[in-house]
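Here's the structure, in structure tokens; my notes come after.
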Amino acid sequence: MARDYYEVLGISRDASEADVKRAYRKLAMEYHPDRNSGAKHAEERFKEVTEAYEVLRDPQKRAQYDRFGTVGPRGGGFAGFHPDLAEALSIFMRDFGNMGGFDAFFGGGERSRRTRRRGPDVRMSFEVSLAEVVTGAKRTVKLRTLQACATCGGTGAKPGATSEVCRTCGGVGEVRRATQSFLGQLVAVTTCPSCSGEGTVIRSLCEECRGDGRVRREKTVDVEIPAGVSSNNYLTLRGEGQAGPRGGPAGDLIVVLEVAEDPRFERHGDDLVYDLPVSFSQAALGGDHEVPLPVGSVTVRVPAGTQSGAILTQRGKGLPSLDSGRVGDLHVRVRVWTPAKLSRELEELFARLKDIEGDPPATERSGGRGFWDKMKEALGG
């Protein structure tokens, strides 16, 4: 799976739009090529944070990314945009003024307010069959995770006790130190050492959870897998991860999907390829053949005189698309079967056939067109 865009920006999955912009401008300034003498590692990091920002700043792209781990067609990453340095710098300059200019970057901005720490995400993998890609699936899983303590309600304080505002940070959860540089005033923000960013200090701790606000328990989660998924797609179940400390929001359950190979088919996106073996007589005379699908089967008519390698396309018999909802095609590739051993009767029949059938056309003797040429024709290319 591609690197998580939230990890790239160092933010939680429930980060607000302002949090996304704040994280981007901090990292963009840190890795800006002009501040790193054109160092290659800084340039690559600058492009990476810009790519993550362009996805997470857009509500529609972010919603799809949160749901499936992709905002492009098929696959596990952002297929539509990988900026080069010029594009990344253009985006930086485009949004630089909207973020308040140098004052916002180097001091004078709004003092951030304390937020409760979010719980960790839980990651797990599911293998799904090709049949489940067609129909979708539902799985029920049992997780043993940290959940809010029932005794203290997740506060970490002994029942009846109250917490106090941290005197070091005044309840903000962070401390700031300003310094001057040639670029202006730089403000370093660090987590408050007295309250570990909570903003409050508990004097009397809950005996059940020892002040953490969480205890480990088992729970059951239903996972709905939509039709049309591919390997490395993933699902995000909001709030089904581990609870945050002292009443903080829960993380997410992230389910990575792997599609098991079905030896009967080749998968090409939403299309499937199936090899249909037929005898010489069946290819010459034609006839109906039952061809399997991931779910069920379909009757395919092989025309008389069909050549080995011919492609017979069955429209709408492939896999559903996760992005568009359309259904792909099934391409039946005819393979003329040659018997390895002949009975005396068959040998006599083939000897008689050899005398009367003549030589094959020149195109067949030279090998004819390749499989992908025929596939291209079958797909209308």
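Details
- Positions within segment 1-22 being assigned to a loop (DSSP other than H, G, I, E, B), among the charged types (D, E, K, R) and either within 27 Å of SER231 (Cβ to Cβ) or modelled with pLDDT of 90 or more (or both), in sequence order: ARG3, ASP4, ARG13
- Candidates ASP212, ASP252, ASP222 - the one that is surrounded by fewer than 17 Cβ atoms within 10 Å (Cβ to Cβ), touching a residue at least 40 places away in the same chain (Cβ under 8 Å) and outside the structural domain of ALA23 (by TED's automatic domain parsing): ASP222
- All positions within segment 269-324 that are more than 30 Å from ASN233 (Cα to Cα), without any contact (Cβ under 8 Å) to a residue 12 or more places away in the chain and assigned to a strand (DSSP E or B): GLU290, THR299
- Segment 260-309 - residue that is within 41 Å of the chain's Cα centre (by Cα) and among the aromatic types (Phe, Trp, Tyr) and, of those, nearest to HIS331 (Cα to Cα): TYR274
- Flag for GLN307 being crowded, with 19+ Cβ neighbours inside 10 Å and at pLDDT below 95: no
The values are calculated or read from the model by the stated rules, or taken from the named source; none is laboratory data. No experiment lies behind these values; they were computed from the predicted model shown. Positions of Cβ are backbone-derived with ideal geometry, glycine not excepted, and every protein chain shown enters the neighbour counts.
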